[in-house]
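Notes follow once the structure below has been shown.
Taken together, the values in this text are just the output of simple stated rules run on the coordinates, not laboratory data. These figures come from a predicted structure and were not determined experimentally. With ideal geometry, Cβ positions are generated from the backbone for all residues, glycine too; neighbour counts draw on all protein chains shown.
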Amino acid sequence: MRIDILTLFPEMFTSFLAGSLLGAARDNGLIDIRLTNIRDFADGVHRQVDDRPFGGGPGMLLMPGPVVDCVESVQQSDPVAGQLLMLTPSGRRLDQQMVESLATKSRIVLLCGRYEGFDERVRETLQPIEISIGDYILSGGEVAAMVVVDAVARLVPGVLGHEESAQQDSFSGIDRLIEGPQYTRPREFRGLCVPDVLLSGDHGKIAQWRHEQAVRATHRRVTTHS
Ligand SMILES: C[S@@+](CC[C@H](N)C(=O)[O-])C[C@H]1O[C@@H](n2cnc3c(N)ncnc32)[C@H](O)[C@@H]1O
């Protein structure tokens with residue numbers, strides 16, 4: 001899978017992309033992640049990418065020229081155009097189903113905003129899919145792009161090394177239940193014991209217990225957080 005990230009701050013991605021899972025996935029050729037600086041497509045000695053909004057108002061907007069030129073150049077760098085995704089708080093809220101769908105693409109292109117966002121003609125010209133990572137405002141699209149890359153990358157075959165674990169994660173698999181409680185050593189911690197069933201060696205009983213716990217956890221989340 002190829003992932004292009006278009007940003008004014010490519011250096012923000014350095015340690016993120018070198019991290020264990022992503023670093024290994026890139027080294028193994030499972031994911032090809034490329035960073036492009038939108039500023040490289042700006043004109044003039046100052047390479048200006050933003051300007052004041054017409055009609056007044058606070059802050060600066062990303063001008064359409066450098067952004068559109070950047071996207072078109074990156075898209076043309078490969079025979080397969082990527083699915084263009086614009087990170088924006090007004091976009092569709094990212095969820096695991098969207099992540100699963102993105103993980104099936106051979107190429108995605110993530111467009112990160114900054115300042116007060118994009119001139120509207122960026123949307124009109126490029127018609128991207130708009131993605132939000134939640135109902136709050138970040139300073140830029142970079143952290144949102146990292147969220148998308150992290151969530152998508154772990155679903156690319158071979159990245160996790162144990163594919164079934166992604167199926168068992170919360171929001172995943174056929175039933176999309178929340179994962180129930182999990183335990184590791186020691187068997188007892190400050191008087192709190194690991195449930196006997198997990199030590200029983202009876203795989204059928206363990207699977208049934210885990211399913212019941214997942215149903216409970218899902219119910220609890222729905223009733224307490226919605
Ligand atoms: C400060 S925000 C602009 C907010 C914009 N003025 C508004 O009110 O919708 C700058 C950039 O951060 C990114 N961003 C901020 N919050 C986001 C979110 N919840 N999800 C995705 N991207 C976000 C977008 O790329 C956005 O263009």
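Rounded to two decimal places and with Rh computed the Kirkwood way over Cα pairs, what is Rg over Rh for region 177-225?
Values: Rg = 12.3 Å, Rh = 11.9 Å.
With Rg and the Kirkwood Rh in hand, the quotient comes to 1.04.
Between Glu163 and Asp69, what FRET efficiency comes out of the Förster formula 1/(1 + (r/R0)^6) with R0 = 41 Å and r the beta carbon distance, rounded to 0.05? Intermediate results must be reported in sequence, preceding the final value.
On the way: r = 39 Å, r/R0 = 0.96.
So the FRET efficiency works out to roughly 0.55.
Tabulate in residue order the Karplus-calculated ³J(HN,Hα) for region 54-65, using 6.51 cos²θ - 1.76 cosθ + 1.60 with θ = phi - 60°, rounded to whole Hz; enter x for Gly and Pro.
Rounded to whole hertz, the list is 4, x, x, x, x, x, 10, 10, 6, 6, x, x.
Please list the non-local residues whose amide H lies under 5 Å from the amide H of Phe118, H modeled 1.01 Å from N, same-chain partners needing a gap of 5 or more.
Leu62
Please label the shape of region 2-153 as rounded, prolate or oblate, based on the square roots a ≥ b ≥ c of the eigenvalues of the alpha-carbon gyration tensor (a/c under 1.5 means rounded; beyond that, a/b larger than b/c means prolate, else oblate).
Working: a/c = 1.70, a/b = 1.45, b/c = 1.17.
Judged from the Cα gyration tensor, region 2-153 comes out prolate (a/c at least 1.5, a/b above b/c).
For Ala207 paired with Glu116, estimate the spin-label separation in nm (one decimal), with each label point 7 Å from Cα along the Cα-to-Cβ line.
5.8
Rank these for me by crowding, Glu142, Glu179, going from fewest to most other beta carbons within 10 Å.
Numbers: Glu142 23, Glu179 16.
Ascending number of Cβ neighbours within 10 Å: Glu179, Glu142.
Roughly how tilted is helix 141-153, in degrees to the nearest 10 and between 0 and 90, from the longest Cα axis of the chain?
So the inclination is approximately 40 degrees.
I need Ile174, Ile38, Ile33 ordered by Cβ neighbour count within 10 Å, fewest first. Present the calculation step by step, with values, prior to reporting the outcome.
Values: Ile174 6, Ile38 25, Ile33 18.
Least crowded to most crowded, the residues run Ile174, Ile33, Ile38.
What FRET efficiency would be calculated for the residue pair Thr104, Asp135, taking the C-beta separation as r and a Förster radius of 30 Å, to the nearest 0.05?
Values: r = 27 Å, r/R0 = 0.89.
Efficiency, from the Cβ-Cβ distance: 0.65.
Could you compute the net charge surrounding Met1? Neighbours are other residues with a C-beta less than 10 Å from the C-beta of Met1; K and R count +1, D and E count -1. All intermediate terms of the calculation are to be shown ahead of the outcome.
Working: positive: Arg2, Lys105, Arg107; negative: Asp32.
Net charge around Met1: +2.
Order these by the 10 Å Cβ neighbour count, fewest first: Tyr115, Tyr136.
On the way: Tyr115 16, Tyr136 7.
Least crowded to most crowded, the residues run Tyr136, Tyr115.
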